[in-house]
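**Student:** Structure in structure tokens, see below.
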Amino acid sequence: QAHVGVALLNAIPPGKNDGEKSGKAKKPPAKSVGENSPVKNRGGVSTESSGSKISNRNHLSAAEVQRQKLKKLVDELNEEGDGRSAPVVKLGDASMASPFTAKHASVAPTTDIIRQGRSTLVTTLQMFKILGLNCLATAYVLSVMHLDGVKLGDVQATISGVFTAAFFLFISHASPLPTLSPERPHPNIFCRYVFLSLIGQFGVHIAFLMWSARAAEEYMGEECVEPDYEFRPSVVNTVSYMAGMMLQVATFAVNYMGHPFNQSIRQNRPFAIALAAAAAFFAAVASDAIRSLNDWLGLVPLPEELRNRLLIYAAAMLAVCYGWEGVLRRLFPGRMPAWRKKQRKIVTEKKKVR
């Protein structure tokens with residue numbers, strides 16, 4: 001069917017080119033006036049000119065017949081309803097490959113596709129890492145609160161969910177860098193870099209959460225609330241909520257992958273604004289500067305010693321996680337393609353032979 005469509009598109013129109021080609025190809029040789037000169041009819045037209053017109057008409061009629069046959073064949077193919085044969089693609093028709101087609105003489109579209117693909121892959125990897133760390137930390141916090149008979153407030157859960165949704169939304173808006181980096185991203189999630197990053201960060205997170213829970217239980221005393229009871233503000237609830245907010249902000253900030261594939265946090269302005277807003281909100285809540293805000297959230301005032309230690313340990317947790325992530329990115333870069341390894345091996349072998 002494709003060959004039939006190409007033949008139709010490349011078919012010679014019968015009115016112009018055929019007449020020119022036939023006229024150029026068949027030039028009557030010059031003859032001397034005499035016995036061999038053409039005999040004129042009554043109308044003044046020679047028999048030779050009338051014969052050439054007849055031959056041109058025969059030639060044009062043959063081209064028209066061939067064109068009609070091709071049109072008839074294409075119509076029959078398009079009318080088939082069995083679904084096994086695809087219709088002939090015409091000029092201007094849409095195609096599934098249209099987003100990946102470009103009519104340029106350079107390789108710029110190829111580099112654009114590679115940059116966009118790397119950006120998508122890096123964004124997907126970091127989202128999976130952030131989801132895993134957030135789920136593990138949230139599971140531990142909720143388990144501790146359930147064992148102590150403490151619930152999470154509705155307003156607290158709503159605020160936390162809003163920040164999480166905003167972070168994920170603005171991470172996906174990161175644009176790739178204009179230049180193609182020689183480095184390569186990790187091809188899949190199941191690699192040493194991802195596993196070591198998750199294990200290391202979760203180890204730091206769980207240590208911070210365990211200390212926070214134990215410190216809160218010391219100030220909580222022997223007070224115990226039934227698990228199915230209504231929500232009541234308490235020290236354990238306040239510390240657990242603040243620790244969860246700290247971990248949430250730290251996880252997004254540490255695992256954001258910017259250069260050399262995507263924009264950095266500063267260049268991704270919506271994400272930077274969301275992080276700044278979350279940090280300001282946490283600072284206001286932790287310092288108890290706006291008492292009405294803490295009352296609306298259901299948070300009780302914390303002792304000054306506990307609050308200072310909580311802030312110091314949160315800063316240390318952020319620094320350790322950031323350093324661990326940076327070390328792993330340097331130790332486990334993206335893998336080199338197999339064909340490039342083979343090419344380098346061949347080059348080194350040739351040098352040794354020389």
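The values are calculated or read from the model by the stated rules, or taken from the named source; none is laboratory data. The shown structure was predicted, so the numbers you read here are calculated from the model rather than taken from an experiment. Here the Cβ positions follow ideal geometry from the backbone for every residue, glycine too, while neighbour counts run over all protein chains shown. Only protein heavy atoms, including side chains, enter the accessible area calculation; ligands, DNA and RNA are left aside. Shrake-Rupley method; radii C 1.70, N 1.55, O 1.52, S 1.80 Å.
**Student:** May I ask you to verify whether residue 317 is of a type in the set (A, V, I, L, M, F, W, C), in a loop (DSSP other than H, G, I, E, B) and within 37 Å of the chain's Cα centre (by Cα)?
**Tutor:** Working: of a type in the set (A, V, I, L, M, F, W, C): yes; in a loop (DSSP other than H, G, I, E, B): no; within 37 Å of the chain's Cα centre (by Cα): yes.
No: the conditions fail for residue 317.
**Student:** Follow-up. Would it be correct to say that residue 305 is part of a helix (DSSP H, G or I), acidic (Asp, Glu) and open to solvent by 40 Å² or more (accessible area, probe 1.4 Å)? Reasoning before the result, please.
**Tutor:** Numbers: part of a helix (DSSP H, G or I): yes; acidic (Asp, Glu): yes; open to solvent by 40 Å² or more (accessible area, probe 1.4 Å): yes.
For residue 305, the condition - part of a helix (DSSP H, G or I), acidic (Asp, Glu) and open to solvent by 40 Å² or more (accessible area, probe 1.4 Å) - is met.
**Student:** Answer yes or no: is there a residue in the stretch 201-219 that is hydroxyl-bearing (Ser, Thr, Tyr) and over 20 Å from residue 131 (Cα atoms). Lay out the reasoning, then the answer.
**Tutor:** So the first thing to find is which residues in the stretch 201-219 are hydroxyl-bearing (Ser, Thr, Tyr), and the list is 212, 219.
With the extra rule that they be over 20 Å from residue 131 (Cα atoms), the set shrinks to 212, 219.
Looking for residues that are hydroxyl-bearing (Ser, Thr, Tyr) and over 20 Å from residue 131 (Cα atoms), one finds at least one in the stretch 201-219, hence yes.
**Student:** Do we find a residue being at pLDDT below 80, assigned to a helix (DSSP H, G or I) and open to solvent by 60 Å² or more (accessible area, probe 1.4 Å) anywhere in the stretch 146-167?
**Tutor:** Of the stretch 146-167, the ones at pLDDT below 80 are 146-153.
The next check asks that each one be assigned to a helix (DSSP H, G or I); those that pass are 146-147.
Still in the running and open to solvent by 60 Å² or more (accessible area, probe 1.4 Å): 146-147.
Within the stretch 146-167 (the criterion being at pLDDT below 80, assigned to a helix (DSSP H, G or I) and open to solvent by 60 Å² or more (accessible area, probe 1.4 Å)), the answer is yes, since at least one residue qualifies.
**Student:** May I pose another question? Output the residues belonging to the stretch 257-287 that are of a type in the set (D, E, K, R) and in a helix (DSSP H, G or I).
**Tutor:** Let us first name the residues in the stretch 257-287 that are of a type in the set (D, E, K, R), namely 266, 269.
Of everything in the stretch 257-287, just one residue is of a type in the set (D, E, K, R) and in a helix (DSSP H, G or I), namely 269.
**Student:** Quick one: is residue 241 closer than 29 Å to residue 146 by Cα and of a type in the set (Phe, Trp, Tyr)? Give the steps one after another, and end with the answer.
**Tutor:** Numbers: closer than 29 Å to residue 146 by Cα: yes; of a type in the set (Phe, Trp, Tyr): yes.
Yes: the conditions hold for residue 241.
**Student:** Here's another thing I want to ask about it. If you check residue 190 against the conditions, is it under 30 Å from residue 332 (Cα atoms) and not in a loop (DSSP other than H, G, I, E, B)?
**Tutor:** On the way: under 30 Å from residue 332 (Cα atoms): yes; not in a loop (DSSP other than H, G, I, E, B): no.
So residue 190 does not fit the description; no.
**Student:** Would you mind stating whether residue 232 is open to solvent by 30 Å² or more (accessible area, probe 1.4 Å) and either within 24 Å of residue 323 (Cβ to Cβ) or in contact with a Phe, Trp or Tyr (Cβ under 7 Å, 6 or more places away or on another chain) (or both)?
**Tutor:** Details: open to solvent by 30 Å² or more (accessible area, probe 1.4 Å): yes; either within 24 Å of residue 323 (Cβ to Cβ) or in contact with a Phe, Trp or Tyr (Cβ under 7 Å, 6 or more places away or on another chain) (or both): no.
Considered against the rule, which asks whether it is open to solvent by 30 Å² or more (accessible area, probe 1.4 Å) and either within 24 Å of residue 323 (Cβ to Cβ) or in contact with a Phe, Trp or Tyr (Cβ under 7 Å, 6 or more places away or on another chain) (or both), residue 232 comes out as no.
**Student:** Now a separate question. Could you please give the count of residues in the stretch 233-256 that are part of a helix (DSSP H, G or I) and of a type in the set (Ser, Thr, Tyr)? Spell out how you get there, then give the answer.
**Tutor:** Start the filter on the stretch 233-256 by keeping residues that are part of a helix (DSSP H, G or I), which leaves 235-255.
Retained after the next criterion (residues that are of a type in the set (Ser, Thr, Tyr)): 238, 240-241, 251.
Looking only at that region, the number is 4.
**Student:** Of the conditions (1) touching a His at 6+ places or on another chain (Cβ under 9 Å); (2) of a type in the set (S, T, N, Q); (3) open to solvent by 30 Å² or more (accessible area, probe 1.4 Å), residue 268 clears all except one; give me its number.
**Tutor:** (3) is the only condition that residue 268 fails.
**Student:** Return the total of residues in the stretch 283-300 being open to solvent by less than 40 Å² (accessible area, probe 1.4 Å) and not aliphatic (A, V, I, L, M). Walk me through it before giving the result.
**Tutor:** Within the stretch 283-300, the subset open to solvent by less than 40 Å² (accessible area, probe 1.4 Å) is 284-286, 293-294, 297-300.
Subsequent filtering for residues that are not aliphatic (A, V, I, L, M) retains 294, 298.
Final tally of qualifying residues: 2.
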